[in-house]
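Taking it in order: structure first as structure tokens, then the write-up.
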Amino acid sequence: MMWIVLSIGFCFFAILFLWKFGNGNGLVRQNVIKTGTSKDSTSESTKKESELSVNLLFSAGLSQLDSQELDQLEKLLKSLQKESLISIEISGSADSTGNLARNRKLVRDRVQFVRSILQKQGKLISNLDVVYQEPIPGRTAKERERLRAVRLRIKYLEVF
């Protein structure tokens, strides 16, 4: 009976994870959410808080991005002004194929790799959250591919 309860709980967690991290098609601008605007008293510009979610996919067993994903990430980061950044969340995950300790290290290495790219681009800010997910099993090759990822959630101000 306990095994059934644990299996159901684990399946729920896996579904929740896949729902949260959603479309794992590489570097994707999923949505820009307007949460508020304000007028700057010294100028006529309007500022809008927006959010950008990016899924960075890694190859199995590797903690570095392929050159195409890396180029896209660097282009995206160059387009963001450090002064406009409000917060950044880096969340890493891995599939559970193989050794658990190795997969945990892989999650940390992937997050550290993305963090180092942010640092090289001068985009590290004080409001930086880092999340290390436990390795999660995927039933299909596509699910496992989506789990080998780092997700960036960037909140920033757009000025009009």
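What follows draws every value from the coordinates through simple rules; no lab data is involved. Predicted, not measured: the structure shown is a model, and the values here were computed from it. Counting neighbours? That spans all protein chains shown, and the Cβs are built from the backbone with ideal geometry, glycine included.
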Please sort by residue number the trypsin sites (Lys or Arg not before Pro) in region 110-140 whose DSSP state is loop and whose Cβ has at most 11 other Cβ atoms within 10 Å.
Arg139
When the distances between all Cα atoms of region 68-128 are binned every 10 Å from zero, what whole-number percent does each bin get?
20, 45, 25, 9, 0
Given N residues in region 59-160, what is Rg(Cα) / (2.2 N^0.38 Å)?
1.14
Quick one: net charge of Arg148's neighbours, Cβ under 15 Å, K/R +1, D/E -1?
+3
